[in-house]
Amino acid sequence: MNNGNESNVVRIGDYVIIQRQKYSKLHKITKKCKVTLGKDHVELDVIVGRPFWTTYKMELKSKKLFSLVECDGVESLSEQLIKDVSSGIDNRNIFDDGSSQLLSKEEIVGLRDSGLSGSEIVGHLIGNSKTFHNKTEYAQEKYLLKKEKKYFEYMTIRRPTFRLVAQIMFKQDPGKIMWLRMDTLSQITTSVGIHSHGTYLLYDSGCLGLPAASMLHYVGENGHIVNIHPGTLPQKEAIQAMNFSEDHLKSLMTVNIHKLLYNLLGNSSSHQETTNSAESLHELSKSSDVAGENLSKGDESNFQISDNKPAKGCENVPKYSSEHLTEDRHLAEEGDSKKRKLQDGEINIAKRPRWELEMDRAVDLLRAHKADGLVVVSREHPLNIVASLLPLLAVSRPLVVYCVLREPLLDLYMHLKCRGDVVGLRLTETWLRTHQVLPDRTHPDMLMDGGGGYLLVGTVVEGKRS
């Protein structure tokens, strides 16, 4: 992330996390920036140039439009209002018949539109309630906590961290990140043995850039991450949300998988079989969007080998004709032609597209030495992808494959067992249950997600790569 004193303050173009009680939202700061929190609209101009972790109070500016005023801390409604209120012994004589509150709905809305603070509005509700003073102290606290959630008028601006970004994306829509929880991401980075001076390959076909942001966070500015994607452009939402510096982002190279494999292995006879299996990825990249939609609906029919034949225990990677790479070879020939023109001085280097520059960097890097780890997070069947990228991985280096379903990893497990150059294969399932920890009230949460996907981990060794 950004270093120096400038990283401690909010700047235009930065991403921030807006926290209001237990609700958190990721937002990008722009000029004349506004954010929507439920039905309220809040102006964020005042936070530019102020430090992170500053708390602000929302003050009504017009109907449903609030401005922010910096304050020292948060005042709890229960602490303000309950200290001078008497309480009852029990709730046996209290009945919820809808007539305990003397104020009508229109009058309550009018109190808020008049510019009263949240504590003043709740004070009016308590004063016009016929049963509040007869409730027990515990029931009164519970009532005030419910009202505080509705009329809470404080927010804190937090610096984005990877844990917070991952949790926010998972709460919004776990299907968009393939149900990748924070604990699963930590297992991926641990299993791949990531360190600050390493070179790592990552195949990501649709997780909003969350695996790339995780690996880039740990690698820093001294390592290299080759982010391989199947489509035209990679997903970078999580990477942008982390506010990485320009020097930090230089460690990341995003390349297309079939262009990378052709540049590295397309003319190599010693890797002909790997090239043949890589040719099927052209069709995989075309269907990645459709596969992602089916996966979010729980459809397992999308996980098929490219030749529509199931992977059996000791079968090799399916062979494919070279017709699928015709378009990629034309693109590669055009790239070679451009390189020749660059050498002749006919085209300015500054006009070269960024993806082409990053492709050259990735090819030069992987030709100099092989990668120190391989991570595959794919919506497609991972067998052909892993078989194509495995020759780029150095010996005694780890391989980690994540998938939402177990069956594709079982196919890959049997294939790698028969190859003889991957050992220590382990197929595991991540199971996590959160707990509520409060005084005298510690218990597991009643609601939890069904699962965190499956991981296949192994180590590459010397051997015949069939």
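The values are calculated or read from the model by the stated rules, or taken from the named source; none is laboratory data. In this text, all values refer to a predicted model and were calculated from it rather than measured experimentally. Please note: Cβ atoms are built from the backbone with ideal geometry, for glycine as well, and neighbour counts cover all protein chains shown.
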Matching option when the condition is assigned by TED's automatic domain parsing to the domain that holds residue 369, modelled with pLDDT of 95 or more and not in a loop (DSSP other than H, G, I, E, B), among 263, 227: 227
Criterion violated by residue 386 - all others in (1) assigned to a loop (DSSP other than H, G, I, E, B); (2) of a type outside the set (D, E, K, R); (3) at pLDDT 95 or above satisfied: (1)
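This table checks each residue for (1) farther than 23 Å from residue 110 by Cβ; (2) more than 25 Å from the chain's Cα centre (by Cα).
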{"site": "11", "(1), (2)": "yes, no"}
{"site": "14", "(1), (2)": "yes, no"}
{"site": "19", "(1), (2)": "yes, no"}
{"site": "53", "(1), (2)": "yes, no"}
{"site": "57", "(1), (2)": "no, yes"}
{"site": "62", "(1), (2)": "no, yes"}
{"site": "76", "(1), (2)": "yes, yes"}
{"site": "81", "(1), (2)": "no, yes"}
Top-ranked residue in the range 418-466 [being loosely packed, with under 11 Cβ neighbours inside 10 Å and touching an Asp or Glu at 6+ places or on another chain (Cβ under 8 Å); ranked as modelled with the lowest pLDDT]: 464
Qualifying residues in the range 428-445 (those that are part of a loop (DSSP other than H, G, I, E, B) and in contact with a Gly (Cβ under 9 Å, 6 or more places away or on another chain)) - the one nearest to residue 458 (Cα to Cα): 430
Number of the condition not met by residue 413 [criteria: (1) closer than 19 Å to residue 229 by Cα; (2) modelled with pLDDT of 90 or more; (3) aromatic (Phe, Trp, Tyr)]: (1)
Flag for residue 400 being in contact with a Ser or Thr (Cβ under 6 Å, 6 or more places away or on another chain) and outside any loop (DSSP other than H, G, I, E, B): yes
Filtered residue count, the range 124-150, keeping only those that are surrounded by 14 or more Cβ atoms within 10 Å (Cβ to Cβ) and either among the acidic types (Asp, Glu) or assigned by TED's automatic domain parsing to the domain that holds residue 14 (or both): 2
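So that you can scan it fast, the table gives a plain yes or no per residue for (1) touching a residue at least 24 places away in the same chain (Cβ under 8 Å); (2) in contact with a helix residue (DSSP H, G or I) (Cβ under 8 Å, 6 or more places away or on another chain); (3) farther than 30 Å from residue 365 by Cβ:
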| site | (1), (2), (3) |
| --- | --- |
| 399 | yes, yes, no |
| 417 | yes, no, yes |
| 435 | no, no, yes |
| 447 | no, no, yes |
Residue match in the range 176-191 (condition: part of a helix (DSSP H, G or I) and more than 30 Å from residue 370 (Cα to Cα)): yes
Only listed residue being touching a Lys or Arg at 6+ places or on another chain (Cβ under 6 Å) and not hydroxyl-bearing (Ser, Thr, Tyr), chosen from 175, 206: 206
